[in-house]
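Shown next, in structure tokens, is the structure this report addresses.
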Amino acid sequence: MSILLQLLVNGLLLGGAYAIISIGLTLIFGVVRVVNFAHGELLMVGMYAVWLLAAKLGWHPYVSAVPVAVLLFALGVLIQRFIIQPLLSADAHIQIFATVGVSTALVNLALMIFGADVHPVEVTFGTEHLQFGDINIVSGQLFTFAAALAVAGGLHLFLQRTYTGRAFRAVAQHRYAASLMGVNVKSTYVLAFGIGAALVGLASGLLVAQYPVFPTVGQYFVLTAFVIVVLGGLGSLPGALVGSIVIGLIDSLAGYYISPDMKEVVYFAIFLVILVVRPTGLFGLGRGSE
């Protein structure tokens with residue numbers, strides 16, 4: 001029983017790490033209606049920035065998360081304004097190819113600048129093991145889970161209680177109707193993409209304490225994030241949070257009871273079954289109107 005409880009706790013905390021990445025991805029799709037295949041590479045850029053701040057200035061990754069989030073916000077704004085925005089009237093596959101191009105460019109740029117070496121960040125706070133009876137918890141995982149809940153709650157309040165948040169929801173539902181009501185759709189797109197990228201920057205500071213940095217680090221996380229946002233329902237914030245916890249639990253349980261090499265197979269299989277039964281995902285309502 002103690003092993004099962006430990007696995008459940010591990011899965012729940014792992015879901016927090018997935019959630020903080022997936023929330024930004026689902027926000028971008030929900031508002032901008034673009035599947036951002038460069039999301040993982042934005043995470044990689046953020047992790048390199050955190051590593052540089054730790055190596056050169058001695059900053060703790062949790063402290064670096066704030067300026068890196070600002071940096072990623074600016075990068076997201078530039079990508080949306082100068083790469084995605086001119087293609088808004090193009091077919092969806094053209095927009096996808098554009099984000100794939102950004103992804104490829106960022107990976108190769110990282111290889112040129114930093115090489116293929118793996119760069120760990122040595123920290124003390126965030127790696128301690130906390131003992132609660134028979135349950136062992138890494139403090140960094142607990143902090144990341146708490147941060148994911150705070151980000152999800154803060155973003156929910158932002159979307160529900162502010163004028164900009166209501167504009168986001170209006171554009172997500174019907175961008176032309178929103179524009180007739182006075183919403184600047186293009187500015188909303190730029191801001192939504194920037195916030196989605198900033199959330200990845202925040203995730204970078206939280207994850208670097210637990211994972212090393214290398215040019216393709218984002219690809220592992222983003223593949224899981226895509227499973228999560230589709231499983232929860234594209235564009236659904238609650239779906240991203242619930243999907244993250246579900247995948248985290250499956251990852252932990254399957255890795256122990258089946259095989260660490262088979263855990264991805266298990267949650268991809270469950271993911272496919274759910275899509276067959278409910279194609280819009282657990283919380284999805286279908287694509288909004290143009």
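The table below lists the values:
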{"read-out": "Residue 89 paired with residue 158, simple spin-label distance in nm, labels 7 Å along Cα-to-beta-carbon", "value": "3.0"}
{"read-out": "Cα centroid of region 79-136 to Cα centroid of region 145-165, whole Å", "value": "22"}
{"read-out": "Relative contact order %, the chain, counting alpha carbon pairs below 8 Å whose residues are six or more apart", "value": "37"}
{"read-out": "Gain on full stretching of the segment that runs from residue 116 to residue 12 - 0.36 nm per residue minus C-alpha separation", "value": "34.3 nm"}
{"read-out": "Student exercise, the chain dipole from Lys, Arg, Asp, Glu Cβ charges, in Debye to nearest 20", "value": "1040"}
{"read-out": "Axial C-alpha extent at least 24 Å, average Kyte-Doolittle at least 0.5 - helices from the chain (DSSP)", "value": "2-32, 39-57, 61-79, 92-114, 139-161, 185-207, 237-257"}
{"read-out": "Burial ranking of peptide ranges 74-87, 176-189 (average Cβ count within 10 Å, highest at the top)", "value": "74-87, 176-189"}
{"read-out": "Calculated over region 113-160: convex hull of Cα atoms, volume per residue (Å³)", "value": "143"}
{"read-out": "Rg/Rg_globular for the chain, with Rg_globular taken as 2.2 N^0.38 Å and Rg from C-alpha atoms", "value": "0.99"}
{"read-out": "Cα gyration tensor category, rounded, prolate or oblate, for region 109-195 with a/c compared to 1.5", "value": "oblate"}
{"read-out": "Dipole-positive endmost among 113, 238, 203 within the chain (Cβ charges, Cα centre)", "value": "238"}
{"read-out": "Evaluated at q = 0.09, 0.11, 0.21 Å⁻¹: base-10 log I(q)/I(0), Debye formula over Cα of region 142-268", "value": "-0.33, -0.49, -1.35"}
{"read-out": "Whether region 1-109 is rounded, prolate or oblate, judged on the alpha carbon gyration tensor where a/c under 1.5 counts as rounded", "value": "oblate"}
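Read-outs: derived from the displayed coordinates by stated rules, not from any lab. It should be emphasised that the depicted structure is a prediction, and the values quoted were computed from it without experimental measurement. Neighbour counts are summed over all protein chains in view; Cβ atoms, including those assigned to glycine, are modelled from backbone coordinates with ideal geometry.
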